[in-house]
Amino acid sequence: MAEKKRISLLLKISIGFLIGIIFGFAVGPVVPTSPVLGNYVMPFIDLIGKIFLRLLMMLIVPLVFASLVAGAASVGDIHKLGRIGVKTLALYLITTAVAIVLGLACGNLFQPGIGMNIPGGLSATARESKPIADVILDIFPSNPLASMVNANMLQIIVFALFFGVACIMAGEKGKKISDFFEGVADVMYQVVHVVMNFAPYGVFALITGTAAKFGIAILAPFAKVIAAVYIGCIIHAVLVYSGMIAMFCKRSPFWYFRGVREAGITAFVTRSSSGTLPITMENVRENLGVSEGVSSFVLPLGATINMDGTALYQGVCALFVAQAFNVPLTLNMQIGIVATATLASIGTAGVPGAGLIMLTMVLTSVGLPIEGIALVAGIDVILDAARTCLNVVGDTAVCAVVASSEGDELTN
Ligand code: ASP
């Protein structure tokens with residue numbers, strides 16, 4: 001029964017997505033001339049999309065904090081937590097580096113910027129990158145409540161880990177506290193279920209807005225760069241994630257992709273890894289069988305620092321800009337892109353459009369014209385959808401591998 005309900009929800013989300021694209025493309029050109037569409041229908045659809053986004057955001061902080069405290073306390077062993085941390089970080093780094101190399105390969109193959117006629121007057125300003133000491137310092141909260149109010153994920157993770165481990169150290173009394181947070185986490189998962197029932201409408205609304213705004217015509221001059229990013233993302237998911245799942249979890253890629261489909265679609269339409277987090281956590285627990293101990297640590301961390309899609313996109317876009325501005329890219333410059341894009345993707349926040357801002361860092365570091373940002377900005381929403389989807393799916397792949405290596409009983 002539950003399985004049937006689940007399939008029908010997934011079907012509804014997929015239908016909402018497809019109808020949204022078709023409807024958006026169809027009404028897009030008439031919106032400016034139709035008062036009914038322009039003043040009533042589209043604003044209403046926009047409102048539905050925004051409500052869906054807010055409902056997702058509403059879940060993040062309590063869900064992550066409560067489930068991470070309960071998760072850390074349930075792992076019970078500081079060495080085990082450390083081991084999970086090392087495996088997770090290693091896998092995140094390796095998959096990200098592979099993604100950039102794939103992005104560069106796609107950029108070399110598709111040659112998306114060759115022969116582009118760039119209109120004059122484009123401008124953009126470089127983003128100052130933070131000193132590394134500040135980046136490290138920023139991981140540690142000075143006031144955990146402020147971290148929660150600002151939804152600063154890394155600081156919340158750090159505090160929750162301390163808190164969860166201290167619950168074990170505090171013995172009987174600490175157990176009461178971690179049981180309480182386990183209860184809060186369970187309640188929050190119920191809220192996730194309720195919100196997910198709204199997903200088909202939210203997905204429809206968000207994708208309709210995007211399709212109507214862009215239309216098919218704008219895509220033509222950028223077809224190659226879009227194709228390079230989308231095909232790169234698909235290849236990365238199919239080869240790298242399927243390979244990891246088959247090799248380390250001994251499961252079929254179908255089992256895996258079916259299990260994380262809702263998170264993938266939600267990431268595509270919301271363009272936010274952080275916003276998708278509640279659904280990502282729900283999917284890996286319910287559909288793949290990952291334990292709370294592993295998922296509550298691996299996924300929030302992934303939504304903050306693991307961005308394979310963003311890394312791949314930065315590889316493609318660096319080449320795109322170089323080609324469009326006729327700057328020859330040497331092998332050394334491409335190696336520089338791998339290094340800076342890895343760091344840039346780690347520093348990219350899991351919110352819409354963050355990758356574009358970090359692209360300035362990659363371009364400046366290898367001496368490419370910063371004006372290239374303005375070139376990419378026009379279609380960034382379309383690229384953001386694909387890269388966010390890969391970002392989220394990449395987190396789930398690492399999560400499943402770590403879970404299986406830690407002896408979690410994955411579903412069949
Ligand atoms: N939107 C992406 C995410 O949330 C980040 C990016 O813009 O690359 O994962």
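Quick note: the coordinates plus some simple rules give every number you see, no bench work behind them. It should be emphasised that the depicted structure is a prediction, and the values quoted were computed from it without experimental measurement. A quick note on method: Cβ atoms are made from the backbone with ideal geometry, for glycine too, and the neighbour counts reach across all protein chains shown.
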Rounded to the nearest 20 debye, dipole of the chain from Cβ charges on Lys, Arg, Asp, Glu: 520 debye
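Which net charge results for the neighbourhood of Leu81, defined as the other residues with beta-carbon distances under 14 angstrom from its beta-carbon, given Lys and Arg at +1 and Asp and Glu at -1? Could you put the intermediate results ahead of the total?
Values: positive: Lys80, Arg83, Lys87; negative: Asp77, Glu292, Glu406.
Value of the local net charge: 0.
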Among 92-105, 157-170, 34-47, the order from most to least packed when residues are scored by Cβ within 10 Å on average: 92-105, 157-170, 34-47
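Which value in Å is the Kirkwood Rh of the stretch 235-292 over different Cα pairs? Write down the numbers at each step before the final one.
Working: mean 1/r = 0.0845 Å⁻¹.
For the stretch 235-292, inverting the mean 1/r across all distinct Cα pairs yields 11.8 Å.
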Per-residue Cβ neighbour rank within 10 angstrom, fewest leading, Val225, Val366: Val366, Val225
Kirkwood Rh, angstrom, the stretch 310-412 [1 / mean 1/r, Cα pairs]: 14.8 Å
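Using helices alone, I'd like the mean residue ellipticity at 222 nm for the chain: each DSSP H run of four-plus residues gives -39500 (n - 2.57), total over residue count, nearest 500. Don't skip to the answer; put the middle values down first.
Details: 18 runs with 297 residues, N = 412.
That calculation yields -24000 deg cm²/dmol at 222 nm.
Ratio to report: Rg/Rh of the chain, with Cα atoms as the point set and Rh obtained by the Kirkwood method; give two decimals. Let's see the in-between values first.
Details: Rg = 21.4 Å, Rh = 21.9 Å.
Rg/Rh for the chain comes to 0.98.
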Kyte-Doolittle at least 1.6, axis length at least 15 Å by Cα - qualifying DSSP helices, the chain: 42-75, 153-169, 223-235, 354-365
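Quick one: pull the percentage of alpha-carbon pairs in the stretch 149-246 with a separation above 22 Å. Walk me through the numbers on the way to the answer.
Details: 3152 of 4753 pairs.
Summing the P(r) tail past 22 Å for the stretch 149-246 gives 66 percent.
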Contact order normalised by residue count of the chain, Cα under 8 Å, 6+ apart, percent: 30 percent
Separation in nanometres of the label points that stand 7 Å from Cα toward Cβ, at Asn412 and Leu93: 3.8 nm
Ordering of 402-411, 63-72 by burial proxy (mean other Cβ atoms within 10 Å per residue, highest first): 63-72, 402-411
Reciprocal mean inverse distance between Cα atoms of the stretch 208-340 - Kirkwood radius, Å: 17.1 Å
Selection from Thr304, Ala385, Met148 lying farthest towards where the dipole of the chain points positive, charges on Cβ: Ala385
Value of relative contact order over the stretch 262-324, rounded to a whole percent, pairs C-alpha under 8 Å and six or more apart: 26 percent
Stretchable slack from Thr364 to His193, in nm (0.36 nm times residue separation minus alpha-carbon distance): 57.2 nm
Burial order of peptide ranges 383-395, 132-144, 181-193, 230-242 (average beta-carbon count within 10 Å, highest first): 383-395, 230-242, 181-193, 132-144
